[in-house]
Amino acid sequence: MVEGEVLSTAPGQLKLVGRVTFGAAVNIEQQGRELLIKQTGSCTVDLAEVEEAGSAALSVLLSWMRQSHHLSISLSIVNMPIDLYDLARVSGLDAVLPIQQS
């Protein structure tokens with residue numbers, strides 16, 4: 001398994017890959033913040049390649065949501081793994097985070 005990282009795949013497109021653990025969350029959050037600053041208008045965060053995630057991942061996503069709001073960027077989260085979505089739902093964060101579930 002790969003330790004988590006954030007990649008910019010195209011303008012307005014970020015991809016979170018690997019394991020989003022407590023140990024990796026601070027670095028992942030910072031990577032995402034640096035990439036969000038470079039976005040304009042809207043940004044989609046794709047979680048399709050996340051291998052492991054829990055409450056640390058939800059914290060990272062909340063931080064990015066706050067930053068995108070301050071930057072006037074419309075943020076969308078797509079392809080959230082079902083176990084992470086269930087955790088967001090149980091905690092009520094599914095109503096707060098901009099999750100696009102298919």
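The values are calculated or read from the model by the stated rules, or taken from the named source; none is laboratory data. Keep in mind that this is a model prediction, so the values were computed, not measured. Quick reminder, even Gly has a Cβ in these numbers, built from the backbone with ideal geometry, and neighbours come from all protein chains shown.
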Scan segment 83-90 and give yes if some residue there is more than 19 Å from SER8 (Cα to Cα), buried (at least 17 other Cβ atoms within 10 Å of the Cβ), without any contact (Cβ under 8 Å) to a residue 40 or more places away in the chain and not hydrophobic (A, V, I, L, M, F, W, C), otherwise no.
-> yes
For segment 53-77, enumerate the residues that are closer than 13 Å to SER42 by Cα and β-branched (Val, Ile, Thr).
-> ILE73, ILE77
Can you name every residue in segment 72-102 that is assigned to a helix (DSSP H, G or I) and of a type in the set (Val, Ile, Thr)?
-> ILE82, VAL90
Mind checking whether some residue in segment 54-71 is among the aliphatic types (A, V, I, L, M), assigned to a helix (DSSP H, G or I), touching a Gly at 6+ places or on another chain (Cβ under 6 Å) and modelled with pLDDT of 95 or more?
-> no
Of (1) small (Gly, Ala, Ser); (2) touching a residue at least 24 places away in the same chain (Cβ under 8 Å); (3) at positive phi, ALA53 fails just (3)
Name every residue in segment 21-53 that is of a type in the set (Gly, Ala, Ser), under 17 Å from GLU5 (Cβ atoms) and either touching a Lys or Arg at 6+ places or on another chain (Cβ under 9 Å) or surrounded by fewer than 15 Cβ atoms within 10 Å (Cβ to Cβ) (or both), in order of residue number.
-> GLY23, ALA48, ALA53
Please enumerate the residues belonging to segment 55-85 that are among the charged types (D, E, K, R) and over 19 Å from GLY18 (Cα atoms).
-> ARG66
